[in-house]
Amino acid sequence: MPFVRWLRRNLVVIAGLVTLGYLLLPNVVVTVFSFNKPKGRFNYEWQQFSLDAWTNPCGVADMCGSLSLSLQIALWATIGATVLGTMIAFALVRYRFRARGAVNSLIFLPMAMPEVVMAASLLTLFLNMGAQLGFWTILIAHIMFCLSFVVTAVKARVMSMDPRLEQAAQDLYAGPVQTFVRVTLPIAAPGIAAGALLAFALSFDDFIITNFNAGSTVTFPMFVWGSAQRGTPVQINVIGTAMFIVAVLLVLAAMLVGKRKNKAV
Amino acid sequence: MTTVTDIPAAPAVKTARPPRKRGRLVPYWLLLPGLLWLVVFFALPMVYQASTSIQTGSLEDGFKVTWHFATYWDALGDYWPQFLRSVLYAGAATILCLALGYPLAYLIAFRAGRWRNVVLILVIAPFFTSFLIRTLAWKTILSDSGPVVSTLNTLHILDVTSWIGMTDGDRVLATPLAVICGLTYNFLPFMILPLYTSLERIDGRLHEAAGDLYATPATTFRKVTFPLSMPGVVSGTLLTFIPAAGDYVNADLLGSTDTRMVGNVIQTQFLRILDYPTAAALSFILMAAILIMVTVYIRRSGTEDLV
């Protein structure tokens, strides 16, 4: 009976851990199969252990080129979306202006729209304008769908800011520019950083919108998509595993820094 | 005389007026570039798409607006199974996400203790590996000779799922079950995070109060925890259902021609067959259907459950 009681009390924990396992299982598979030496063109069945892919990560034609293209697009899209989104967020929180409702729904709608709809409609625009599909059309699309997410992240942070801090700065004879740079921006920084990170992740990993608007340009997700048809090189798993490890290490480092700061204060 | 009165007045006007005028315009200058971007590259394309959907013509001769609304009926007549499938698969994935995600969100919010941040990171971490690579990993997990399929076979679960048409014989890959499994997996974090946010806000003293009033844990959950987590349930289901209904990656990588969803049709019409009017009409129907469903859902949950 004590076992049954223990089970009933911890049922939620067990169910939660099962879900966590479901979420992490593909990452385990990706990592394990980065050490595989597949027989055919596809890396879906385990054959034998090998370090080949890890010692030669760029050994597949075009893969590292697509990776660096994706990184470049993600970087520029992050910068563009973060600047534009932060400006909108400040305007929404700090100022009264007309047509606020329309502005809010214009920002909300891209997040509530299936990607394929945005992708298809943007392609009709580009086709009608006779635009050359490639780097610039991808960048335009990425800034467009990242923008709303940045606005949401920054808005949440600016809303929770105490306006008296800025009033205090102005009472101490700081000008509007000085107040913004020395007080407002540092307080809003975590929100801006969160928005920028989200934009980078969304842009880097985007497939559906990119696939419609890329023309013959190949980003990393498009390379993976193509390889699912032609044959999956082990190097894809190497990149996936490396990205996972780097990201987790960065998050852990950020957490440690945050903890130390909290202790110092 | 006039010069005397003008002199003190002039600086007053100079100092008082310009800042007020600038201040009034500041929000518009802040909004302008971002909103212009959204208008040109989000709203305007919708207009172009609407116009494309009522055009007729061919690639060689070009397309012209002919108010040909029949495209909508033809598209619905030809592709209603794909529409139905999209709604069914996305609905099933959303329910599975809620059933799987709720315990995990609850665990993070109330039971994880000092492990809370670690578990949260583990929920977000898969995002950092390209979702296409992770979806391809399901091909390995669900492969015909893999441990998952043989376990399901031994437990005769596949017999049941085959009977309701979710799987096909001894296979899981290339069946509806595989697609739903992939959709559930891909959008699960979008369910967990809003659920966690709303669960985390619940005052722990409410649970104690319910216990003090002789509520069993189950009653406490039913009467206190779950109603208070409704905002998370609503936004989680929306964040799962909307992208799942428009997705075509899972149906393509894990499914077969019998599991094609509306996203697959739009993609092939647009990028391979180059039948732009049909593709635009399908995309418009999908958008309208989702907007209507979302509005109804928000209204309902807003008035009945959130109060």
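Cβ under 12 Å from residue A:74's Cβ, residue A:74 left aside: what net charge do those residues give with Lys, Arg +1 and Asp, Glu -1? Net charge around residue A:74: -2. Magnitude of the charge dipole for chain A, about its Cα centre and with charges confined to Cβ atoms of Lys, Arg (+1) and Asp, Glu (-1), is about 960 debye.
By the scheme Lys and Arg +1, Asp and Glu -1, what is the net charge of all other residues having a beta-carbon under 15 Å from that of residue B:170? Computed value for this residue: -2.
Counting only the Cα atoms, the protein assembly as shown fills a convex hull of 237 Å³ per residue. The aspartates and glutamates whose alpha-carbon is closer than 20 Å to the alpha-carbon of residue B:139, local same-chain residues fewer than 8 away aside, are A:45, A:205, B:168, B:170, B:247, B:252, B:258. Toward the positive end of the charge dipole of the protein assembly as shown, with +1 on the Cβ of Lys and Arg and -1 on the Cβ of Asp and Glu, the farthest Cα among A:63, B:53, B:253 is that of A:63. Applying the Karplus relation 6.51 cos²θ - 1.76 cosθ + 1.60 with θ = phi - 60° to the range A:136-149 yields 3J(HN,Hα) values of 5, 5, 5, 4, 4, 4, 5, 4, 4, 7, 7, 3, 4, 5 Hz, where x marks Gly and Pro.
Which value at 222 nm does chain B reach when only helices count, each DSSP H run of 4 or more adding -39,500 (n - 2.57), with the total divided by all residues and rounded to the nearest 500 deg cm²/dmol? Result for chain B: -22500 deg cm²/dmol, rounded to the nearest 500. Computed about the Cα centre, the dipole magnitude for the range B:167-240 is approximately 120 debye when only Lys and Arg (+1) and Asp and Glu (-1) carry charge, each at its Cβ. Dipole size of the protein assembly as shown about its Cα centre, with +1 on Lys/Arg Cβ and -1 on Asp/Glu Cβ: approximately 2300 debye, rounded to the nearest 20.
Sequence-distant contacts, meaning Cα pairs under 8 Å at least 6 residues apart, place the relative contact order of the range B:71-305 at 30 percent.
Reducing the range A:29-61 and the range A:62-82 to their Cα centroids gives an inter-centroid distance of 25 Å. Work out the P(r) tail for the range A:61-232: percent of alpha carbon pairs separated by more than 21 Å, whole number. Everything past 21 Å amounts to 55 percent. With the convex hull constructed from alpha-carbon coordinates only, the range A:81-180 shows a mean projected area of 8.4 nm² over all directions. By the Stokes-Einstein formula, at 1.567 mPa s and 4 °C, the range A:1-40 with its Kirkwood radius over alpha-carbon pairs has D equal to 103 µm²/s. In straight-distance terms, cross-link reach from residue A:155 covers every one of the aspartates and glutamates whose alpha-carbon lies under 19 Å from its own, apart from those fewer than eight places away in the same chain; here that gives A:166. Each Cα pair under 8 Å and six or more residues apart adds its sequence gap; the mean of these over the residue count of chain A is a relative contact order of 32 percent. Per-residue shielding of B:44-51, expressed as the average number of other chain Cβ atoms within 10 Å of the residue Cβ, stands at 6. Per-residue mean of foreign Cβ neighbours for B:135-148 is 5 (Cβ atoms of other chains, 10 Å radius).
How big, in percent, is the set of alpha carbon pairs in the range B:71-305 lying more than 21 Å apart? When all Cα pairs of the range B:71-305 are counted, 64 percent exceed 21 Å. Each of the trypsin sites (Lys or Arg not before Pro) that DSSP puts in a loop and that has at most 14 other Cβ atoms within 10 Å breaks chain A; the longest unbroken stretch is A:99-265.
Summing +1 for each Lys or Arg and -1 for each Asp or Glu among the other residues whose beta-carbon sits under 11 angstrom from that of residue B:282 gives -3.
Each reported figure results from applying straightforward, stated rules to the coordinates on display, with no laboratory input. Fair warning: this is a prediction, and the values are worked out from it, not measured in the lab. All Cβ positions, glycine included, derive from the backbone under ideal geometry; neighbour counts span all protein chains shown.
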